[in-house]
Amino acid sequence: EHRHALANAVLGLLSSLAIALCLVCLVKNAVGRLRPDFLARCSPRNGECTGDVKAIIEGRKSFPSGHTSLSFAGNAYLALYLYRALCGSPLGELFVYFCSSIPWVLSLLVGLSRISDYWHHWEDVFVGALIGNSIAYWMFSLRFGAIKSHPAYAKAKTSNEVSEEEDVAELQEQTLPV
């Protein structure tokens, strides 16, 4: 059973990465965009590029960011997996949120590095992150169902709702008569 669950998780992760890679490659070749460092690659003289042909072609494929998309496709999937695995943990909700957000933050750093290195515009990174997150959520939902359908999530929500109702009832009892 444990091996089956692990294989299911790994196949979902690989599916997420493969679909993100295919989609990004299609969009890069169909839409493209000049990279922020395109003029340095081009070395224009008399209105024509004189730089290395491969570098010029690569300089026309800025949109969307492939590194960011793949990073989010993998790490967002991992974040969802961690959240699902840790949900309902006795260590508390803050611990669950913190641990499951670490992979996502690492992907954010990858995207920010692409902007600071002048390889991408912020829009390229933003759309790459959207693509990666969307595909990761889609692949995770196909393998494991929606996060909100997980029994630990439902149990945690139910216990929170019950405690909130108890808190409201307790406050109403403590209210001073007018």
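Throughout, read-outs are computed from the coordinates displayed, never taken from laboratory work. A quick note: this is a predicted structure, and the numbers were derived from the prediction, not measured. Glycine gets a Cβ as well: all are built from the backbone with ideal geometry, and neighbour counts include every protein chain shown.
I need to check one value: relative contact order of the range 50-119, counting alpha carbon pairs closer than 8 Å and at least 6 residues apart, in percent.
On the way: 39 pairs, mean separation 27.7, N = 70.
Here the relative contact order equals 40 percent.
What length, rounded to one decimal in nm, is gained on full extension from LEU106 through to LYS54, with 0.36 nm per residue of separation minus their alpha-carbon distance? Provide the component values of the computation, followed by the final result.
Numbers: separation 52, 0.36 × 52 = 18.72 nm, distance 3.01 nm.
Between LEU106 and LYS54, full extension yields 15.7 nm more.
Quick query: amide H of LYS61 versus all other amide H atoms, modeled in the peptide plane; which residues come in under 5 Å with a sequence gap of 5 or more or a different chain?
ARG33, ARG35
Need one number: nm distance between label points at LEU26 and HIS2, each 7 Å from Cα along Cα→Cβ, rounded to one decimal.
Distance between label points: 3.9 nm.
Residue-wise, which Karplus ³J(HN,Hα) couplings in Hz belong to the range 108-120, taking 6.51 cos²θ - 1.76 cosθ + 1.60, θ = phi - 60°, and x for glycine or proline?
Residue by residue, the range 108-120 yields 4, 5, 4, x, 5, 5, 5, 6, 5, 8, 6, 8, 9 Hz.
Once the piece of chain linking ALA85 and ASP117 is laid out straight, how much longer is it, given 0.36 nm per residue of separation minus the C-alpha distance between them?
Taking 0.36 nm per residue and subtracting the Cα distance, the gain is 8.0 nm.
In the range 1-102, which GluC sites (Glu not before Pro) fall in coil by DSSP and have 14 or fewer other Cβ atoms within 10 Å?
Listed in order of number, the matching sites are GLU1.
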